[in-house]
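Asker: First the structure, then my questions, so here it is.
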Amino acid sequence: MPLLLYFVGLANGIAPGTPEYSYITHLTLGTTALAVGINAYINSYMHFKRGNVRVSEGIVFTIPGIIGDIIGAYLSHLMSGALILFLFGFLMIAVAIRMWKSKCNPNKSILSNNSHKLTLRERIKIDKVLPAGFLVGFASGYFGIGGGFLVVPGLLFSTGLDMLRAVGTSLIAVGTFGVAAAITYAVYGYVDIVISLLYLVGGVAGGYAGSAIASRMPRQTLRKLFAIIIILVAIYTMYVNRVGVVDLLHFL
């Protein structure tokens with residue numbers, strides 16, 4: 001989403017806090033949600049071929065998330081674009097810090113590698129996966145994202161998967177959340193199909209390369225690299241949308 005707003009230039013020349021900026025922000029939310037959702041479904045197949053997708057865990061996590069996703073997308077269109085992006089920055093930083101501090105547990109990785117020997121009930125913590133799925137789905141819908149950087153920690157927390165399999169499995173939820181959010185945004189006219197398709201082409205190519213690199217990269221290195229990228233994007237997004245603080249005070 002920040003790439004479309006600031007790198008591609010959809011928000012260039014439009015002052016944050018104005019009605020035009022809010023419209024462009026919501027249009028970007030809906031457009032990226034559609035592109036990210038379809039892209040995630042395509043890339044999940046690439047990860048599936050490499051053995052990095054656990055379908056059962058992905059479906060169980062996704063089901064409660066769909067409900068949260070639709071609710072979040074509806075509430076999002078009621079807020080200003082600058083406020084949404086400013087809050088989005090806080091969310092990104094919080095998730096990145098949690099990922100950076102998390103340690104790869106060798107025993108958990110061994111368990112994940114042999115989890116096909118366990119039943120679904122033994123592999124998944126239902127009391128954690130249901131609220132985690134709902135909250136991640138809500139955030140995904142509210143911020144108009146597939147929510148990969150949210151789904152991955154959610155799966156790590158609630159299913160016991162290791163980092164690589166959590167990344168691959170997350171694409172099931174990311175795809176579903178993205179498409180569901182895009183449908184909700186489309187109801188209010190906030191989806192540009194042409195830009196979504198262009199975004200999708202680049203995403204498929206990047207996903208192919210990313211799945212190959214991720215399979216060869218040490219798990220802890222992958223985790224920390226992911227966290228650094230999230231923090232850098234969050235800082236820039238919050239700086240550009242600092243006017244959102246005023247909207248937040250008015251909202252409170």
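Only the coordinates and a few stated rules stand behind these numbers; no lab work does. Fair warning: this is a prediction, and the values are worked out from it, not measured in the lab. Note that each Cβ is placed from the backbone with ideal geometry, even for glycine, and that neighbours are counted across all protein chains shown.
Asker: Could you list Tyr74, Tyr190, Tyr185 in order of exposure, starting from the residue whose Cβ has the fewest other Cβ atoms within 10 Å? Each step should come with its number before you reach the end.
Answerer: Working: Tyr74 16, Tyr190 23, Tyr185 26.
Placing the least packed residue first, the sequence is Tyr74, Tyr190, Tyr185.
Asker: What is the spin-label model distance, in nm, from Arg98 to Ile59 if the labels are put 7 Å beyond Cα along the C-beta direction?
Answerer: The two pseudo-label positions are separated by 2.6 nm.
Asker: Give me Leu91, Leu150, Leu29 sorted ascending by neighbouring Cβ count inside 10 Å, so fewest comes first.
Answerer: Values: Leu91 18, Leu150 26, Leu29 29.
Ranking Leu91, Leu150, Leu29 by Cβ neighbours within 10 Å, fewest first, gives Leu91, Leu150, Leu29.
Asker: Quick check on packing: order 131-142, 164-175 by the mean number of other C-beta atoms within 10 Å, highest mean leading. Walk me through the intermediate numbers first.
Answerer: Working: 131-142: 24.8, 164-175: 27.1.
The densest-packed peptide leads the list: 164-175, 131-142.
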